[in-house]
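The values are calculated or read from the model by the stated rules, or taken from the named source; none is laboratory data. Nothing here was measured: the structure is a model prediction, and the numbers come from that model. Heads up, the Cβs are rebuilt from the backbone with ideal geometry, glycines too, and the neighbour counts pull from every protein chain shown.
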Amino acid sequence: MSSVVIYCRSGFENDAAAEINHHAALQGVGGYVKAKPNTGFVTFECFSPNDAQELIKKVDFKSLVFARQWFAGVLLSNMPIEDRVSEVKAAVSDFPLCGDLRVETPDTNEGKELSKFCKKFSTPLAKSLEKFNKLTREHKPSKPVLHVLFLANDTAYVGYSFSNNNSPFFMGIPRLKMPGDAPSRSTLKLDEAFNVFVPKDEVEKRVQPGMRAVDLGACPGGWTYQLVRRGMFVSAIDNGPMNEALMESGQVKHFTEDGFKYLPEKRNINWLVCDMVEKPLKVTNLMLDWIVNAFAKELIFNLKLPMKKRFDSVYECLTLIHEELAKYEVDYQLQAKHLYHDREEVTVHIKVNRVPEKLYS
């Protein structure tokens, strides 16, 4: 297999392409990108057939910002409509035994038209692959995931990803329901961020009722809603009005202040969240101030992207974070993702493990 197939939001193909080029170069892997606008996916075609598998092993999927999912695979085209199962079986003959099958489409209008077919096709394909000893009967999360990405009725990429280095979600998209009483649709961005950035086995420890949170630029309360929903006590910072129902919860204090000027009185903030509309570097520097002053243990914030050079803008901000926190000897973990519910923005999560006391004492 010589292709790395990457799912992304429609319209962000150039950013996903620039990103995989960047990481392939860091790994010394030669190849070229194939990307068409508004298709919802790109491929990196490796010059060496074994390099696709090596890339999806060596590059940390969590380090990819614009990729929703990826796998190493091959393109099957002009498949006979009456027997596509046999074509897929032939393509996977040298695949490892996989523990999950995902028959997917790009997240586009054309892809949605294929979704019903994909659901019907999944069952006979799974049964055939089980008999072929390429798919376990029961879901085995420790084994690779087999992907079939249909682009048309007779065309699909077939391949596999490693379950410890991919997205656990079908099509790379967490399925979330919009709460009927949430103040705004932006609430889904923070809900998704918690689902993506905090592992399930750590949620109980890191996202607890009674924790203290700050929401910078909170109005009308879409992100505050998710914090309250998780039982936290929230300082909502915004000059605008907050949702009345949130204020009646007894868990929210509203401070009519500029989010760029507010400073907490104590260093007891478990979560800082920020969805302010401002230049990405300005938000990045604000977050760095909060980190080096040890004001918050974990941060989730959005970087609003320019219309052009979105990849460059994101990586400029991430590079600044890495350089500054290294300079101040801060121990941290960072992940950034263009989430499904994001639009022209990227969501960043930073878990602060240790800040040298000399920085803020």
Inset, instruction - Out of the residues in segment 319-342 that are part of a strand (DSSP E or B) and charged (D, E, K, R), state the one that is nearest to Arg68 (Cα to Cα). - result: Lys337
Inset, instruction - Can you tell me which residue within segment 123-138, out of those that are in contact with a helix residue (DSSP H, G or I) (Cβ under 6 Å, 6 or more places away or on another chain) and either part of a loop (DSSP other than H, G, I, E, B) or modelled with pLDDT under 95 (or both), is farthest from Ala90 (Cα to Cα)? - result: Arg137
Inset, instruction - Return a yes/no flag: does segment 62-73 have any residue that is more than 26 Å from Ile173 (Cβ to Cβ) and either among the hydroxyl-bearing types (Ser, Thr, Tyr) or in contact with a strand residue (DSSP E or B) (Cβ under 9 Å, 6 or more places away or on another chain) (or both). - result: no
Inset, instruction - Give the number of residues within segment 242-272 that are loosely packed, with under 13 Cβ neighbours inside 10 Å and small (Gly, Ala, Ser). - result: 1
Inset, instruction - Go through segment 68-122 residue by residue and tally those that are in a loop (DSSP other than H, G, I, E, B), within 24 Å of the chain's Cα centre (by Cα) and among the polar types (S, T, N, Q). - result: 2
Inset, instruction - Go through segment 1-53 residue by residue and tally those that are polar (S, T, N, Q) and closer than 24 Å to Thr108 by Cβ. - result: 7
Inset, instruction - Would you check which residues across segment 277-291 are basic (Lys, Arg) and part of a loop (DSSP other than H, G, I, E, B) and list them? - result: Lys279
Legend entry - Leu176 being more than 18 Å from the chain's Cα centre (by Cα) and either among the aliphatic types (A, V, I, L, M) or modelled with pLDDT of 95 or more (or both): no
Inset, instruction - Quickly run through segment 305-332 and pick out the residues that are touching a helix residue (DSSP H, G or I) at 6+ places or on another chain (Cβ under 6 Å) and under 14 Å from Glu344 (Cβ atoms). - result: Leu305, Pro306, Arg310, Phe311, Ser313
Legend entry - Filter pass, Asp275 being crowded, with 18+ Cβ neighbours inside 10 Å and either among the acidic types (Asp, Glu) or modelled with pLDDT under 95 (or both): yes
